[in-house]
1. For the structure I just gave you, tell me whether His146 is surrounded by fewer than 17 Cβ atoms within 10 Å (Cβ to Cβ) and without any contact (Cβ under 8 Å) to a residue 60 or more places away in the chain.
2. If you go through the stretch 46-66, how many residues are surrounded by 19 or more Cβ atoms within 10 Å (Cβ to Cβ) and among the charged types (D, E, K, R)?
3. Which one of these is open to solvent by 50 Å² or more (accessible area, probe 1.4 Å) and not hydrophobic (A, V, I, L, M, F, W, C): His184, His164?
4. How many of the residues in the stretch 141-160 are in a helix (DSSP H, G or I) and more than 27 Å from His89 (Cα to Cα)?
5. Within the stretch 9-22, is even one residue modelled with pLDDT of 85 or more and open to solvent by less than 90 Å² (accessible area, probe 1.4 Å)?
6. Specify the residue that is surrounded by the most Cβ atoms within 10 Å (Cβ to Cβ); the eligible residues are those in the stretch 167-176 that are more than 20 Å from the chain's Cα centre (by Cα) and not in a helix (DSSP H, G or I).
7. Hey, can you tell me all the residues within the stretch 149-161 that are open to solvent by 60 Å² or more (accessible area, probe 1.4 Å) and not aromatic (Phe, Trp, Tyr)?
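The values are calculated or read from the model by the stated rules, or taken from the named source; none is laboratory data. Only a predicted model underlies this, so the values are computations on that prediction, with no experimental measurement involved. Please note: Cβ atoms are built from the backbone with ideal geometry, for glycine as well, and neighbour counts cover all protein chains shown. Accessible surface is based on the protein model in full, side chains and every heavy atom, while ligands, DNA and RNA are left aside. Shrake-Rupley method; radii C 1.70, N 1.55, O 1.52, S 1.80 Å.
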Amino acid sequence: MMKRLKLYWNLLRKPSVHYSIGFLTLSGFIAGIIFWGGFNTALEVTNTEQFCIGCHEMQSNPYEELKNTVHYTNRSGVRAECSDCHVPHGWTHKVARKMEASKEVWGWVFGSINTPEKFEAKRRELAEREWARLKANDSLECRNCHEFDSMDFTMQDPRAAQAHSTALANSEQTCIDCHKGIAHKLPDMSGVHR
């Protein structure tokens, strides 16, 4: 046993051309920690409201619309930021969403929505893409704040209580099926089933 440990210890100390394997392993480990920390820091910086509204397209259009909703100003003082609704909280889903968002960066670089007119022209396409994403993940971002098990149906409007206790409870529908336009102005909805 001691002989084997000594063999491993010597292997770690043995130089590879200029540095020992132990030094290279430790250096790789430290570099990995630095990379991982930098990656996570960058991920979190891109989740801030300041980052999201850093380009005038987002500040002038969606952010201004958000200011007039219950998700921005309400009696409880809880405010949702862009990332609360547009980026899942779980790490794996968050990274996948960030990769998907690279298309949005591409659009920003090429100015596909850089004027109010261009934004309005693409509003329906952008909204439908977001609705489909939320539908596909069972409105995961909504559920980060709104827990079905915590809903008090007696405090809800009868129509909402009925919908929540049946279609939502049975997984027939998800939040976005009924709550389109909850934080932003709806596009032209002709042809869309409510």
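1. For His146, the condition - surrounded by fewer than 17 Cβ atoms within 10 Å (Cβ to Cβ) and without any contact (Cβ under 8 Å) to a residue 60 or more places away in the chain - is met.
2. 1
3. His184
4. So the count comes out to 4.
5. No: the stretch 9-22 contains no residue that is modelled with pLDDT of 85 or more and open to solvent by less than 90 Å² (accessible area, probe 1.4 Å).
6. Only one residue tops the list, namely Gln173.
7. Asp149, Ser150, Asp152, Thr154, Met155, Asp157, Pro158, Arg159, listed by residue number.
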